[in-house]
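Asker: First the structure, then my questions, so here it is.
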Amino acid sequence: MKRRDSLLRLKRFRTEELARRLATLDEMKADLEKKLADLEDSVSREKQRASDSDLGRLAFPSFVQSIETRRVNIRSTMRELEREHLAVQDEHAASVQDLKIFEIAEQERERRITETAERTAQSRIDNMSLVRHLRKHATRQV
């Protein structure tokens with residue numbers, strides 16, 4: 001009994017852990033998307049500043065190049081996160097399915113135990129009724 005309970009808790013924990021991991025990956029992806037949007041905003045702000053001065057016009061191409069490098073790195077990280085997300089999602093789906101199978105098997109086992117206990121109780125009641133009936137009729141025949 002305790003072994004099955006421990007196994008069920010372990011399967012639930014594993015499923016919940018994978019769900020938390022998926023949520024973390026989603027948060028990381030959202031954060032990276034926000035960083036990309038912030039980079040776009042900073043490029044537009046710097047472009048406006050660069051047009052105001054000669055020094056800005058000279059420095060702007062270097063700035064754009066560094067921003068492009070950061071974009072490439074962020075997009076690469078996002079692709080890696082997406083691959084990891086898909087892998088964890090598949091693992092989570094398998095874990096949920098495994099948990100459901102185990103829970104259904106456990107419910108079925110408990111149902112069988114309950115039915116057996118009910119049948120045993122009914123059999124005892126039937127036997128007691130039969131004994132009473134036989135005793136009652138046995139005393140009438142004497």
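Here, each number is a calculation from the coordinates, and none is a lab measurement. In this text, all values refer to a predicted model and were calculated from it rather than measured experimentally. Please note: Cβ atoms are built from the backbone with ideal geometry, for glycine as well, and neighbour counts cover all protein chains shown.
Asker: Based on the Cβ-Cβ distance from ASP38 to GLN97, what FRET efficiency comes out when R0 is 35 Å, to the nearest 0.05?
Answerer: Working: r = 40 Å, r/R0 = 1.13.
Result of the calculation: an efficiency of 0.30.
Asker: State the extension gain, in nm to one decimal, for the chain segment bounded by LEU58 and GLU118, taking 0.36 nm per residue of separation less the distance between their alpha-carbons.
Answerer: 12.8 nm
Asker: Continuing with the same structure: Anyone know which of SER76, SER53, SER95 comes out most mobile in the 10 Å Cα GNM of the chain?
Answerer: Of SER76, SER53, SER95, the Gaussian network model singles out SER53 as fluctuating most.
Asker: Most fluctuating residue of ILE104, ILE74, ILE125 in a GNM of the chain with Cα springs under 10 Å: which is it?
Answerer: Its mean-square fluctuation being the largest, the pick is ILE125.
Asker: Counting Lys and Arg as +1 and Asp and Glu as -1, what is the net charge of the other residues whose Cβ lies under 12 Å from the Cβ of ASP41?
Answerer: Taking every Cβ under 12 Å from that of ASP41, the sum is +1.
Asker: Here's another thing I want to ask about it. So what is the relative contact order for the chain, in percent, with contacts set as C-alpha pairs under 8 Å and at least six apart?
Answerer: 38 percent.
Asker: Tell me the net charge near LEU134. Cut-off is 15 Å between Cβ atoms, LEU134 excluded, with +1 for each Lys or Arg and -1 for each Asp or Glu.
Answerer: +3
Asker: Let me ask you something else. Along the Cα→Cβ direction, 7 angstrom out, place labels at LEU86 and MET128. What is the inter-label distance in nm?
Answerer: 6.6
Asker: Over all alpha-carbon pairs of the stretch 68-117, lay out the pair-distance distribution in 10 Å bins, whole %, shortest bin first.
Answerer: Result returned by the calculation: 23, 23, 18, 15, 11, 7, 3, 0.
Asker: Next question. With all pairs of different alpha carbon atoms counted, what Kirkwood hydrodynamic radius in Å does the stretch 36-88 show? Could the numbers behind the result be given before it?
Answerer: Numbers: mean 1/r = 0.0803 Å⁻¹.
So the Kirkwood estimate lands at 12.5 Å.
Asker: Still on this structure, please answer the following. Any idea how far the Cα center of the stretch 123-142 sits from the one of the stretch 39-102, in Å?
Answerer: Each part's Cα centre sits 84 Å from the other's.
Asker: Also: Would you mind computing, in nm to one decimal, how far apart the modelled labels at GLU16 and ALA138 are, each placed 7 Å from Cα along Cα→Cβ?
Answerer: It works out to 5.9 nm between the two label points.
Asker: Here's a follow-up. Quick one: Cα convex hull volume of the chain, Å³ per residue?
Answerer: For the chain, the hull spanned by Cα atoms encloses 113 Å³ per residue.
Asker: Same structure, new question: To test your reading of the geometry: what angle, between 0 and 90 degrees and rounded to tens, separates the Cα axis of helix 54-141 from the longest principal axis of the chain?
Answerer: Helix 54-141 sits roughly 0 degrees off the main axis of the chain.
Asker: If each DSSP helix of 4+ residues adds -39,500 (n - 2.57) and the sum is divided by the residues in the chain, what number results at 222 nm, nearest 500 deg cm²/dmol?
Answerer: -36500 deg cm²/dmol
Asker: Tell me the net charge near ARG124. Cut-off is 13 Å between Cβ atoms, ARG124 excluded, with +1 for each Lys or Arg and -1 for each Asp or Glu. Don't skip to the answer; put the middle values down first.
Answerer: Numbers: positive: ARG119, ARG132; negative: GLU118, ASP126.
Net charge around ARG124: 0.
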